[in-house]
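Asker: Here it is, the structure in full.
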Amino acid sequence: MERQIYQARWVFPVAGPPLPDAIVEIEGTRIAAVYAGSHPQAIDLGNVALIPGLVNAHTHLEFSQLRAPLEPASPFTDWIRAIMKSRFETAQPVTERIQLGIAECLSSGTTLVGEIATSVESLRLFNTESQVPRAVVFRECLGFTPDRIAGQEQVADEFLAEPLAPAAVERLCPGLSPHAPYSVHPDLYLNLVQQARDQGVPAAVHLGETAAEYDLLERKSGAFVDLLSELGLWDPEILKDGMRMTDYLAPLAELPAALAVHGNYFGPTEWEFLRGAPSISVVYCPRTHHYFGHPEHPWLSMIGQGINVALGTDSRASNPDLSLWRELQFVRENYPQVATALILECGTLAGARALGYSDDTGSLEAGKAADLALIQLPDDFDGGTDTDLLLDSRSYVARVMLNGQWIN
């Protein structure tokens, strides 16, 4: 089998330190070798960096037709009303919207996706298409009242029973997403997590996204009570008195992999719990977090506590695009003191850990899948260290490799 051998100004393996003037060798669909130095047969790619394919650990591809985030951004419950209105009014078929999102993710360097799906269509597209990222497709389930429990459990069962094509088994995994504390009955939540545990699949839950969630759980008051009342769904007996966010985190700790999506308002109590629950990762969505005007995200504090923090874009309903690369650049701009290596790890290997794919992707190591992004570096960089070139605002994703083949 003929090898592809490439030389780049920088190679960022992520599993180790950056390598200047380095080589990546690829055999078939796998990485064969990564090392500093030269090779007589290498194709010199020039002033570029080779990095692992990016990991978008949280997105909703069904909104990929939107050209701008939905408004208003505040209060959050009004944004939810806008989401419901958008779903009702959108005429474009969901398969077309998801395809738009898949194409955008790939073109911007993402080769592994954590997708939240409201139908089976996402799973089927990732299952049957050939040039698509690896994916964990989480079936979103909603139902705050007792009468919805049985129906949503059946939806989950049918989703997990969807057959996967032999060619897709290694790159695609189904999962479940009990949406959030304000949209899922506590009994349904526990039952769905049990289903995920019984089937050995991951789960993703929106947790700690707003301060209003804590008002709902701890005091049965606030904006979510108003929204649920407006929808005819509020019953104060549904929630036990004095519930805590850890009541929702605890069941997730029994799964092989689980995502606590957003965690914008997680504090020391949640951090302490997560320190002892290594199977739960937090997904920080930087530009979405900024769009809603939340206080500074505690992602650095959580990493300091040993918690795995991955990055996501969320959807175009709260983000101008689905580029995980731009999320990295946004983090660099807003956290100039943080090492490039740590930011890149959050967008690659940490995401692969979160989604259960770290044995196969997320870093450039011999034996792993040859999923790469080629970053064009600026020619006239005028400050900082050489590795800062990577996340300079002028750097961009120029090419993407999936399974050993350039797709653009």
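Asker: Kindly provide the set of residues from region 67-85 that are closer than 21 Å to residue 210 by Cα, in contact (Cβ under 8 Å) with a residue 12 or more places away in the chain and open to solvent by less than 60 Å² (accessible area, probe 1.4 Å), ordered by number.
Answerer: 69, 70, 73, 76, 77, 79, 80, 82, 83
Asker: Counting only residues that are under 19 Å from residue 44 (Cα atoms) and acidic (Asp, Glu), which one in region 350-385 is modelled with the lowest pLDDT?
Answerer: Filtering first and then ranking leaves 379.
Asker: Would you be able to tell me the number of residues in region 164-201 that are hydrophobic (A, V, I, L, M, F, W, C) and assigned to a helix (DSSP H, G or I)? Can you show your working first?
Answerer: The initial filter retains those residues of region 164-201 that are hydrophobic (A, V, I, L, M, F, W, C), namely 164-165, 167-169, 172-173, 176, 180, 184, 188, 190, 192-193, 196, 201.
From what's left, assigned to a helix (DSSP H, G or I): 167-168, 188, 190, 192-193, 196.
The total comes to 7.
Asker: Take the residues in region 202-248 that are farther than 21 Å from residue 148 by Cβ and of a type in the set (A, V, I, L, M); name whichever of them is least open to solvent (accessible area, probe 1.4 Å).
Answerer: 245
Asker: Here are some conditions: (1) touching a residue at least 40 places away in the same chain (Cβ under 8 Å); (2) surrounded by fewer than 18 Cβ atoms within 10 Å (Cβ to Cβ); (3) not β-branched (Val, Ile, Thr). Residue 64 meets all but one. Which one does it not meet?
Answerer: (2)
Asker: Being at pLDDT 95 or above, over 26 Å from residue 81 (Cα atoms), in a loop (DSSP other than H, G, I, E, B) and among the hydrophobic types (A, V, I, L, M, F, W, C): is that true of residue 338 here? I'd like the intermediate steps shown before the answer.
Answerer: Values: at pLDDT 95 or above: yes; over 26 Å from residue 81 (Cα atoms): yes; in a loop (DSSP other than H, G, I, E, B): yes; among the hydrophobic types (A, V, I, L, M, F, W, C): yes.
In short, yes.
Asker: Something else about it: Inspect all residues belonging to region 149-163 and state whether any of them is open to solvent by less than 30 Å² (accessible area, probe 1.4 Å), of a type outside the set (Ser, Thr, Tyr) and farther than 25 Å from residue 56 by Cβ.
Answerer: Within region 149-163, one or more residues are open to solvent by less than 30 Å² (accessible area, probe 1.4 Å), of a type outside the set (Ser, Thr, Tyr) and farther than 25 Å from residue 56 by Cβ.
Asker: Answer yes or no as to whether residue 367 is part of a loop (DSSP other than H, G, I, E, B), under 30 Å from residue 200 (Cβ atoms), touching a residue at least 24 places away in the same chain (Cβ under 8 Å) and small (Gly, Ala, Ser). Walk me through how you get there before you give the answer.
Answerer: Values: part of a loop (DSSP other than H, G, I, E, B): yes; under 30 Å from residue 200 (Cβ atoms): yes; touching a residue at least 24 places away in the same chain (Cβ under 8 Å): yes; small (Gly, Ala, Ser): yes.
Yes.
The values are calculated or read from the model by the stated rules, or taken from the named source; none is laboratory data. None of these values were measured; they are calculated from a predicted model. Note: ideal-geometry Cβ built from the backbone for every residue, glycine included; neighbour counts use all protein chains shown. Quick note on the areas: whole protein, heavy atoms, side chains included, nothing else; ligands and nucleic acids left out. Shrake-Rupley method; radii C 1.70, N 1.55, O 1.52, S 1.80 Å.
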